[in-house]
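Read the structure below first, then the notes.
The values are calculated or read from the model by the stated rules, or taken from the named source; none is laboratory data. All values derive from a computational prediction rather than experimental measurement. Neighbour counts run over all protein chains shown; Cβ positions are idealised from the backbone, glycine included.
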Amino acid sequence: MTKPSCEQIIDMLPDPFVVIDRDFRIVAANQRYCSRYGTSQDDVVGRYCYEVSHHSNLPCSHHGEHCPQESVFQTGQAQQVIHVHYDRNGREERVQLQVAPILNDEGKVLYVGEYVFPVSQAYADQVQLVGRSKAFLQMTSLLQRVAPTQTTVLLLGESGAGKECVAQYLHHFSSRAGGPFVVVDCGSLGGQLIESELFGYEKGAFTGANARKKGLFEAAHGGTLFIDELGELPLELQTKLLRALESGTIRRLGGTEYIRIDVRVVAATNRDVQAMVAEGSLRKDLYYRLSAFPVQVPPLRERKDDIPKLAEEMLGRIEDGDRHIPLEPAVIESLLEYDYPGNVRELRNILSRAVILACGGALGPEHLVFESSAPLGTEVLGSARPLLDRRGGRMALEEVLATLERCGGHRATTARELGVSERTLYRYLNRLREQEQAVTGP
């Protein structure tokens, strides 16, 4: 009886699958792989895998990404990562790769088999990290390797750089993706409140504790707990956190029993952790426990190549922002000239304001207000800043813009916050735009 060929066997697999040799050349591919990348089985054999999936002349490791094939050939261990591929129409798509060794009779890795699982767009949109700069790819290379593991991760980076988004990425591309993602911000809570939030409390543990409350460790059971602003955690709570990490158990305030938890911790800080250890404000043993896998989240000024795509991605999520895509070259040029001390968060605020100030017209450089280089509104409105005084029953420009930002650019919500009708707010913004044009010219 004739045995089935390799091609016949892999064609039975339900997702794209490809076999690759040590030179990154494709040895075999199933029909689903060929269909995904717009080629035929006859044409794909012999081509480089990075040529087909990455549209590149060099392996992905040359661009700062983690190459799972290289790792499998070196270690003989299976790898799982998230990559950006290009589909048959040249569109970017996020895929999860599972790469496993194919051994010869002596146990040497002869080939690797790569399973490609396209990540649904709705799923990717929840946790999308946007960028292709060198600094960004160096970071994502680390994230791709650590996301599928249970390792504790410490995110280091400036305020506003996107550490929470990175933590969500780690969660969604881990085996815990089906579990909860829980956030605790130590910077916004006092010491006792942090303790009760993290560990919960029993009824009667303190004045006002009228019922038992589960803490965030328990709420994150089976998922990920993101501890933001770790540097604000008091020393006495650092001891309890270390015990929880090492034992996998917690005890509620006022309780006597230890509760077993299954939680992966991702921590983040914008402070110099080594300096904190040296000065005694961060326990050395906790630092070593949390820094098993440190990841530096780069500031926006170190990844300016990402700004055009990042700005358009943000506009797509801002009310009325999508109609300004693609951005005019003059707007992109203006965005690239600024250093963004507030990082990604500041870029989002700048774009939200620009959409509001542009109203029904085209978004231009004159609508970009860079906060750290001038008082709010002066670059846009010049000597025509209006304006309206709340004490006289009217609105100050600063209050309008601040409320718009707080409401995520939603005009109806902003109007309610300001106590005016949406129509009044729209007329007011139109008037600002007309005054701006009177100053700057058409």
Is there any pair with a first residue in the stretch 335-348 that is on the phi < 0 side of the Ramachandran plot and a second that is buried (at least 21 other Cβ atoms within 10 Å of the Cβ) and of a type in the set (Phe, Trp, Tyr) whose Cβ atoms are under 7 Å apart and which are 6 or more apart or on different chains, and what are they?
Glu346/Tyr340; Leu347/Tyr340
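Is it the case, given these coordinates, that Gly162 is closer than 15 Å to Leu129 by Cβ and crowded, with 23+ Cβ neighbours inside 10 Å? Explain how you work it out, then say what you get.
Details: closer than 15 Å to Leu129 by Cβ: yes; crowded, with 23+ Cβ neighbours inside 10 Å: yes.
Yes, satisfied.
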Under 8 Å between Cβ atoms, at least 6 apart or on separate chains: pull out the pairs that start in the stretch 68-88 with a residue that is under 13 Å from Leu103 (Cα atoms) and end on any residue that is in a helix (DSSP H, G or I) and not basic (Lys, Arg).
Gln77/Ser71; Ala78/Val72
Selection from the stretch 132-181 of residues more than 14 Å from the chain's Cα centre (by Cα) and either within 23 Å of Pro59 (Cβ to Cβ) or not in a loop (DSSP other than H, G, I, E, B) (or both) yields Ser133, Lys134, Ala135, Gln138, Arg145, Val146, Pro148, Val153, Leu154
Which numbered condition in (1) modelled with pLDDT under 85; (2) surrounded by 21 or more Cβ atoms within 10 Å (Cβ to Cβ) is the only one that Ala122 fails?
(2)
List every residue pair whose Cβ atoms sit under 7 Å apart, with the two residues 6 or more apart in sequence or on different chains, where the first one lies in the stretch 31-54 and is under 12 Å from Val116 (Cα atoms) and the second, anywhere, is among the polar types (S, T, N, Q) and not in a helix (DSSP H, G or I).
Cys34/Ser40
Inside the stretch 20-43, can you point out the residues that are more than 15 Å from Ile9 (Cα to Cα), over 32 Å from the mean Cα position of the chain (by Cα) and small (Gly, Ala, Ser)?
Ser40
Members of the stretch 30-75 found to be of a type in the set (Gly, Ala, Ser) and in contact with a Phe, Trp or Tyr (Cβ under 7 Å, 6 or more places away or on another chain), listed by number
Ser53, Ser56
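Residues checked against (1) more than 23 Å from Ala167 (Cα to Cα); (2) in contact with a Phe, Trp or Tyr (Cβ under 9 Å, 6 or more places away or on another chain); (3) part of a loop (DSSP other than H, G, I, E, B):
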| residue | (1), (2), (3) |
| --- | --- |
| Ala292 | no, no, yes |
| Met314 | no, no, no |
| Ile318 | no, no, yes |
| Leu335 | yes, no, no |
| Leu347 | no, yes, no |
| Ala354 | yes, no, no |
Just one of (1) surrounded by fewer than 17 Cβ atoms within 10 Å (Cβ to Cβ); (2) part of a loop (DSSP other than H, G, I, E, B); (3) at pLDDT 90 or above trips up Gly360, so point out which.
(3)
Six or more apart or on different chains, Cβ atoms under 6 Å: show the pairs whose first residue is in the stretch 245-256 and within 11 Å of Glu218 (Cβ to Cβ) and whose second is of a type in the set (Asp, Glu).
Arg252/Glu202
Collect the residues in the stretch 63-93 that are touching a strand residue (DSSP E or B) at 6+ places or on another chain (Cβ under 7 Å) and part of a helix (DSSP H, G or I), keeping them in residue-number order.
Pro68, Gln69, Ser71, Val72, Phe73
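Can you name every residue in the stretch 182-238 that is assigned to a loop (DSSP other than H, G, I, E, B), buried (at least 18 other Cβ atoms within 10 Å of the Cβ), among the small types (Gly, Ala, Ser) and on the phi < 0 side of the Ramachandran plot?
Residues of the stretch 182-238 that are assigned to a loop (DSSP other than H, G, I, E, B), as a first pass: 189-190, 200, 202-212, 214-215, 220-223, 229, 233-234.
Within this subset, residues satisfying the condition of being buried (at least 18 other Cβ atoms within 10 Å of the Cβ) are 200, 215, 220, 223, 229, 233.
Applying the additional criterion that residues be among the small types (Gly, Ala, Ser) yields 200, 215, 220, 223.
Within the stretch 182-238, Gly215, Ala220, Gly223 meet the criteria.
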Of all residues in the stretch 137-167, how many are closer than 16 Å to Arg289 by Cα and of a type in the set (S, T, N, Q)?
4
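Here is a yes/no grid of residues against (1) aliphatic (A, V, I, L, M); (2) surrounded by fewer than 16 Cβ atoms within 10 Å (Cβ to Cβ); (3) not in a helix (DSSP H, G or I); (4) not assigned by TED's automatic domain parsing to the domain that holds Phe206:
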{"site": "Ala244", "(1), (2), (3), (4)": "yes, no, no, no"}
{"site": "Thr256", "(1), (2), (3), (4)": "no, yes, yes, no"}
{"site": "Asp262", "(1), (2), (3), (4)": "no, yes, yes, no"}
{"site": "Val266", "(1), (2), (3), (4)": "yes, no, yes, no"}
{"site": "Ala275", "(1), (2), (3), (4)": "yes, yes, no, no"}
{"site": "Ala278", "(1), (2), (3), (4)": "yes, yes, no, no"}
Qualifying positions in the stretch 7-42 - over 23 Å from Cys67 (Cβ atoms) and part of a helix (DSSP H, G or I)
Glu7, Gln8, Ile9, Gln31, Ser35, Gln41, Asp42
